[in-house]
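A quick write-up on the structure given underneath.
The values are calculated or read from the model by the stated rules, or taken from the named source; none is laboratory data. Note that the structure is a prediction, hence the values are computed from the model and not measured. Don't worry about glycine lacking a Cβ; one is built from the backbone with ideal geometry, like all the others, and counts go over all protein chains shown. For the accessible areas, the whole protein counts, side chains as well, though only heavy atoms, and no ligand, DNA or RNA atoms are used. Shrake-Rupley method; radii C 1.70, N 1.55, O 1.52, S 1.80 Å.
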Amino acid sequence: AWLAKEEWRLDVFRTHGKIYEASASAMFGVDIGLIKKGNPEYALRAKGKVAELALGYQGASGALIQMGALNMGLKEEELPDIVKRWRASNRRIADLWYGVERAAVECVKTGITVTLSCGVSFARDEKCMTILLPSGRRLFYNHPRLIPNERGYDSLWFMGVNQSSRKWEAIQTYGGKMTENIVQAVARDCLANAMRNLSEAGYKINFHIHDEVILEVSEDGPQSLEEAVRLMCRPPSWAPGLPLNADGFTGSYYKKE
């Protein structure tokens, strides 16, 4: 949402944070206040939730099924409508997918550096296509090439490790997938920034797991959970307007809360 400037979603994260309800509200034109337990409109929350989990990176009906839509009681014939409604209410995110793909294809085809309005830019040399992230870090796609697909459009391929077979081979990618790569990389850079803030403030970081940081602190020392949360939420200089939040707990050993 931040990269795509999908402002209504950013407003949700800056305020109540109920993205499943807000998504259902946007998709079906229902007041978000009605999407609560006890009301018939609450059934829409399940559609909003599965759409949020499955469709953010150009997924369609198959992604909804993989995310358990049918197990939640949704019918397969309903799924295309959910896809259509989610994309219609998140047009800027959909535009970002297609913009990323066009930029990557143009870059590989011409060798020209292409920069998107979100500040992400694509460049290539004889070996790699790179994506420059807002933080200044780069993603690398090894030996990129364009192969026409069944509809005659250029499809982007690169050499990498197949996540299923674990073999080194040619891998096809597309706008939504590259957008996912970019977003996950930006999330990693946000965590790295948070860890730097904590370390510079004197906090001892024992280890980290995905989006969690585990700190060792003295029970009677000056450091506090409240301060740690505040340091983690300090936005990076390269991410103006990005809403960040954090939460935590104290304990004598690590656990999944």
Practice problem: Taking residue 153 as meeting all but one of (1) within 30 Å of residue 92 (Cβ to Cβ); (2) touching an Asp or Glu at 6+ places or on another chain (Cβ under 7 Å); (3) modelled with pLDDT under 95, write down the number of the exception. | Solution: (2)
Practice problem: Could you tell me which numbered condition residue 77 fails, if it satisfies all but one of (1) part of a loop (DSSP other than H, G, I, E, B); (2) over 20 Å from the mean Cα position of the chain (by Cα)? | Solution: (1)
Quiz item: Within the set of pairs 6+ apart or on separate chains, which have a first residue in the stretch 182-211 that is touching a residue at least 12 places away in the same chain (Cβ under 8 Å) and within 19 Å of residue 224 (Cβ to Cβ), a second that is of a type outside the set (A, V, I, L, M, F, W, C) and open to solvent by 20 Å² or more (accessible area, probe 1.4 Å), and C-beta atoms under 6 Å apart?
Solution: 197/234; 204/216
Exercise. Determine the pairs where a residue that is among the charged types (D, E, K, R), located within the stretch 115-132, has a partner that is in a strand (DSSP E or B) with Cβ atoms under 8 Å apart, the partner being 6 or more residues away or on another chain.
Key: 124/130; 124/144; 127/142; 127/143
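If you scan the stretch 217-246, which residues turn out to be of a type in the set (Asp, Glu) and either surrounded by 14 or more Cβ atoms within 10 Å (Cβ to Cβ) or at pLDDT 95 or above (or both)?
Step one: of the stretch 217-246, the residues of a type in the set (Asp, Glu) are 219-220, 226-227.
Selection gives 226, 227.
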Practice problem: Among the numbered conditions (1) within 20 Å of residue 29 (Cα to Cα); (2) among the hydrophobic types (A, V, I, L, M, F, W, C); (3) at pLDDT below 95; (4) crowded, with 17+ Cβ neighbours inside 10 Å, tell me where residue 51 comes up short. | Solution: (3)
Quiz item: Could you say whether any residue in the stretch 182-192 is of a type outside the set (S, T, N, Q), open to solvent by 60 Å² or more (accessible area, probe 1.4 Å) and at pLDDT below 95?
Solution: no
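Kindly indicate whether residue 207 is open to solvent by 80 Å² or more (accessible area, probe 1.4 Å), of a type in the set (Phe, Trp, Tyr) and more than 26 Å from residue 56 (Cβ to Cβ).
Values: open to solvent by 80 Å² or more (accessible area, probe 1.4 Å): yes; of a type in the set (Phe, Trp, Tyr): yes; more than 26 Å from residue 56 (Cβ to Cβ): yes.
Criteria met by residue 207.
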Self-check item: Members of the stretch 137-180 that are surrounded by fewer than 16 Cβ atoms within 10 Å (Cβ to Cβ), outside any strand (DSSP E or B) and under 18 Å from the mean Cα position of the chain (by Cα)
Solution: 137
